[in-house]
Amino acid sequence: MNIHHPPLSIAALAATDPEIARLVEAETAYQRDQVRLIASENYASRAVMEAAATVLMNKYAEGYPHKRYYEGQLFVDQVEELAQTRAKDVFGADHVNVQPHSGSPANLAVYTALLNPGDTILGMSLPAGGHLTHGWKVSATGRFWNAVQYGVHPETHLIDMDEVRRLAHEHKPKMLICGASAYPRIIDFAAFKAIADEVGALLLVDMAHIAGLVAAGEHPSPVPFADAVTTTTHKTLRGPRGGMILSKKKHQKAIDRAVFPGLQGGPHLHAIAGIAVALREAQQAEFKTYAKAIRENAKALGEALVACDFSLTTGGTDNHLMVVDVTRRGMGGGRLAKALAQAGIVCNMNSIPFDTRPPADPSGIRIGTPAVTSRGMGPAEMRTIAGWIDDVTRHIDDDRRLAAIAEDVKVFCRRFPAPGIPA
Ligand code: DSN
């Protein structure tokens, strides 16, 4: 192959815009030198980054392959078709739309495709672990649709299927939504489908967090059960930032029309190329090993944290993340997340179900293992990280101690090169 592109370099950027170049370099070093435990983040491969940083960003291609509004689509139709074919292969879907710019627009597209404004939807509430776009009141989805929300059981913190069923029968939603941003257990899609069928509702599954696990068979697939499945492409799936909608054939037309021209103009072909590459990576045997390791690492990290007297909502994790109640260590999650960041360990504060603390300093932190697993870290490293988290908790006001941990973290991280980042 005659490759005209030089390896990714920021030499031209540095010459044209040294301020942005300096910030990109600083962020690169930051991503290299920190333990990144944000459950929704990852490290895209160099191949994905190269695909997303190409001349494909120069194209306008409104429409869909072979049905575009502009001439000159000699190659981009093939790019989009490759992404579609691979997505259908990886997830076993009838139809896929790879154009949504991210997860929230993908959800909005499904709503506008399959519902009328004002229809009733039933989704998981944000404080229970759901997502803004599942009908939370500050989101457009909570304003333009009549959103009813279910939560988790007050004692087990597991999704309360009795409550879901009761609310479904009481409110007769046109669409039932499941999928979560901060839920550490397996979601029973068959049970959601049964409830949707009982009340004649459509089922939307937002699998953004677990898409990589689903691709690798490490979480049951929602595809056989759902009318539509939305996802981002940059979390466990390890692609560039983007979104996809998988759906049953019968919804193809409505969903495609909702994405374009309903909500978006030209698709981001450079992102779609990156998605195609990520999906090719997800077809490889190595990706299955990776997804399995994400879960093993989450389990090891969770057990090590429990051994340090932290408690986990639901008592553990089955997937890539955990929500840690830190209050028994005498502090809130906001204060701990800031101190951890000072020590080179990056996560986010998170409410726990039925939290009585304020959102600015809730009871918990959310921790995920997709990014550290991409660096090749394993259970032994998870125990080291848990030890540092414990250490930070013990010395939360000691800036010198936090700085010393950050130095240790940096040395540790150098042993585990991050995909896409020069060592
Ligand atoms: N912001 C994402 C997350 O962190 O889970 C969800 O959209």
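Please treat every number below as a calculation from the coordinates, not as lab data. What you see is a predicted model; the values in this text were computed from it and never measured. For neighbour counting, all protein chains shown are included, and Cβ atoms are generated from backbone atoms with ideal geometry for every residue, glycine included.
Points to keep in mind about this one:
- Spin-label pair residue 331-residue 415: with each label point 7 Å from Cα along the Cα-Cβ axis, the two points sit 2.5 nm from one another.
- Additional length obtainable on full extension of the chain from residue 283 to residue 94, 0.36 nm per residue less Cα span: 66.3 nm
- The label point for residue 25 and the one for residue 78, both projected 7 Å from the Cα toward the Cβ, are 3.8 nm apart.
- Put in order of Cβ neighbour count within 10 Å, fewest first, the listed residues 308, 347, 178 become 308, 347, 178.
- Tensor-based shape of the range 11-135 (alpha-carbon gyration tensor, a/c under 1.5 rounded, otherwise prolate or oblate): oblate
- Per residue of the chain, the DSSP helices (runs of n ≥ 4 H) give a summed -39500 (n - 2.57) that works out to -13000 deg cm²/dmol at 222 nm.
- In sequence order, the range 329-338 has phi-based couplings of 9, x, 7, x, x, x, 5, 5, 4, 5 Hz under the Karplus curve 6.51 cos²θ - 1.76 cosθ + 1.60, θ = phi - 60°, and Gly or Pro positions carry x.
- The range 230-235 - phi-based ³J(HN,Hα) in whole Hz, Karplus 6.51/-1.76/1.60, Gly and Pro as x: 9, 7, 8, 10, 10, 8
- Prolate/oblate/rounded call for the chain, Cα gyration tensor, a/c under 1.5 rounded: oblate
- Comparing 403, 393, 372 along the charge dipole axis of the range 340-411, the residue lying farthest to the positive side is 372, per the Cβ-charge model.
- The chain: most fluctuating residue of 296, 19, 62 per GNM, C-alpha cutoff 10 Å: 19
- Rounded if a/c under 1.5, otherwise prolate or oblate - the range 193-320, Cα gyration tensor axes: oblate
- Dipole-positive endmost among 92, 168, 316 within the chain (Cβ charges, Cα centre): 92
- Model label points for residue 407 and residue 143, set 7 angstrom from Cα along the Cα-to-Cβ axis, are 5.0 nm apart.
- Proxy reagent accessibility, fewest Cβ within 10 Å first, across 238, 185: 185, 238
- Chymotrypsin sites (Phe, Trp or Tyr not before Pro) lying in DSSP loop within the range 1-98, provided at most 13 other Cβ fall within 10 Å: 69, 70, 75
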